1. What is the local net charge at T231, summed over the other residues whose Cβ is closer than 15 Å to its Cβ (Lys, Arg +1; Asp, Glu -1)?
2. What is the packing order of peptides 276-286, 403-413, 170-180, 359-369, taking the mean over residues of other C-beta atoms within 10 Å and listing the highest first?
3. Which FRET efficiency, nearest 0.05, do K404 and M108 yield, Cβ-Cβ r, R0 56 Å?
4. Fully extended, how many nm does the chain gain between S302 and V351 (0.36 nm per residue separation, minus their Cα-Cα distance)?
5. Setting aside same-chain residues fewer than 8 positions from K119, which lysines have a Cα under 28 Å from its Cα?
6. For R369 and E73, compute 0.36 nm times the residue count separating them, minus their Cα-Cα distance, and round to one decimal in nm.
7. Shape of segment 183-276 from its Cα gyration tensor (a ≥ b ≥ c, root eigenvalues): rounded if a/c is under 1.5, otherwise prolate when a/b > b/c, or oblate?
8. Given charges of +1 on the Cβ of Lys and Arg and -1 on the Cβ of Asp and Glu, with all other atoms neutral, how large is the dipole of segment 215-421 about its Cα centre, in debye to the nearest 20?
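Only the coordinates and a few stated rules stand behind these numbers; no lab work does. Everything numeric in this text was worked out from a predicted model, so none of it was measured. Positions of Cβ are backbone-derived with ideal geometry, glycine not excepted, and every protein chain shown enters the neighbour counts.
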Amino acid sequence: MHINASCFPFIEIALIDGTIILMFENRIIQKIIETWSIDQAHPLRERIRSPLPPFEQIKRVIETAYLASLEREEGRPVRFALVVADPAVGDKISTMKRPPDYLLHLDMPLPLSVDSIVKLAPALDPGISAMAVGPTKNRDDIHIWGIFTFSSASSSFAEIPMWVYGELAYRPDFFTVYANNAGSLLIARHHSQIGRILNGEFIPATPSPFTVKSLGRYMMMCIQDHQLFKTHGDTYWRIYRDTIELLLTEASARGHGSIFILVQPDGYPAGYIVPRFSFIEKIGPQHLLEQLLREDLDVPTSIAARKAVVDRIKFLAQLGTVDGAVLLSTELDLICFGATIVAPPYTGTIVTGPDGFGEGGGEILDPSRLGTRHNSAISFAGSVKSSLAFVISQDGPARAFVQKDENTLLYWPDCYNISMSL
């Protein structure tokens, strides 16, 4: 692999025994450790007090994962997950009455290396499995010693009722590194993000903003006049919120940058958008959500209804791969796609919004650091009251923009949680 040092200002490059070694600056690893500790100690998160691996072990795993993420398999980035755990963890899992097939031990552990990861990764889907790495018995070095398997991320639309079949195997609550894109790592535990490594810097995660103490407050304001909200109240709100999360997840899975904007049906100046494609028919999921809210659904019909919602959302998400914005009403009816935003440049202030606990926020964002896609969304959100603009980046995050007042936009840098991103 050819390394251009100017491309990695956050990395120290050393030559050891004729081999180029890339090392993350210690400050980045230390920030990850500090963020983990803060997350674990937060009173509202109710974390199990899991021990954190030693500094050098974390550093080694992250550096190896980063280099492996730069490799390609048949022209595509290598996707994988690494869980840092001691092989003795299997004994602890057995005492928790979990079936032994959730943790598989390799008969011959592999050295933790880029080559080992790249060779093993095609056999594993990081959405349902992860390589277990750590020091093995009689070995001082870190090895890939086993495989954790777990249930795929569930949602209101994907989960199977527990009385229908089996039980869930949860993601391990240990230090975990996911690699979905080249040079982009997600640090997590269980079903929650700790943060992301993007462009060589670690960005701590915040609790999901889809709560009424955060971005969810503005989403709730958008649906107050929906007939389904008037009829079903919070039940509709929860399904609506999950539908938006599903849309962002599916759009991100396409690996294509996109913009999705929600507007009141008659509440935006048509001059701010130049439509390109649209349909005569309504293709939103609202009538499907109405079926899902019925109280007389049996289990098979409920599963079928949820699948219909997922299929419709996947269709809408695919439209985002066309260059331009996808414009939806707040009821998620398609207005147009492939649209060009021509709203005037935004000149007000952009600040981060509070997290899902209603805490933090207030940091000023410099939009000049962002690309054309983000600035187009900012212009629209800054010009159209009650609109919600989501920008899905190819490097991972889904960012949200909403107007707080005439002079201020609120901004959420990452609307994903770990369950959404895999």
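1. -3
2. So the peptides 276-286, 403-413, 170-180, 359-369, ranked by packing, come out 170-180, 403-413, 276-286, 359-369.
3. In this case the efficiency is close to 0.45.
4. On the way: separation 49, 0.36 × 49 = 17.64 nm, distance 4.09 nm.
Value of the extension gain: 13.5 nm.
5. Qualifying lysines at Cα under 28 Å: K59, K137.
6. Taking 0.36 nm per residue and subtracting the Cα distance, the gain is 103.4 nm.
7. Details: a/c = 2.45, a/b = 1.41, b/c = 1.74.
Oblate.
8. Rounded to the nearest 20 debye, it is 360 debye.
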